[in-house]
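Written below as structure tokens is the structure these notes are about.
Quick note: the coordinates plus some simple rules give every number you see, no bench work behind them. These numbers were taken from a predicted model, which means no experiment stands behind them. Every residue, glycine as well, gets a Cβ built from its backbone with ideal geometry; the counts of neighbours run over all protein chains shown.
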């Protein structure tokens, strides 16, 4: 993507949101399969969208919490390639977690667990801050001009 004048392109924004959401759930699914799948006989959508599964009272609950936090770190890495701009990271991370909240409400009702809120707010903070950090590091990289001088 080019860093010139910002053009309002709603199709690009929607496609970035859909792509980031899909990549987030892919990372969450992989981390759930590795951490939670080894502890339960059958991994279902219950572990993704039901607030009761995020509990610090059981080892499986801790594995689910770790899966959500690992997915947030992976989401920050995905932002580096999908979003590419540090100033957009908070917007896209918040959008991702708001969509996740709506899916959770449809699937299992309003999340009544404090742990669910803490894990998801921590995931939002991790994804937004780490995504911004990674994007800023890329934006501040020096542009090599030795190839341009050699061709003149």
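Odds and ends about this structure:
- Cα-Cα separations in segment 44-88 greater than 17 Å, expressed as whole percent: 44 percent
- Label point 7 Å beyond Cα of residue 139 along Cβ direction - residues of segment 68-82 with amide nitrogen under 18 Å: 76-82
- Highest-fluctuation residue, 135, 104, 89 considered, GNM on the chain with Cα pairs under 10 Å: 104
- Rough spin-label spacing in nm, given labels placed 7 Å along Cα→Cβ, for residue 26 and residue 42: 2.7 nm
- Tilt relative to the chain, helix 89-108 - C-alpha long axis, 0 to 90 degrees, to 10: 20 degrees
- Spin-label model distance (nm) - residue 81 vs residue 110, 7 Å beyond Cα toward Cβ: 4.0 nm
- Cα-based helix-to-principal-axis angle, 59-82 vs the chain, degrees rounded to 10: 20 degrees
- Segment 49-152 - Rg over Rh from alpha carbon coordinates, Kirkwood radius: 1.19
- When each of the peptides 92-101, 111-120 is scored by how many other beta carbons lie within 10 Å of its residues on average, the order from highest to lowest is 92-101, 111-120.
- Compared with the dominant principal axis of the Cα atoms in the chain, helix 10-35 is inclined by about 50°.
- Virtual spin-label span in nm between residue 99 and residue 34, 7 Å along Cα→Cβ: 2.3 nm
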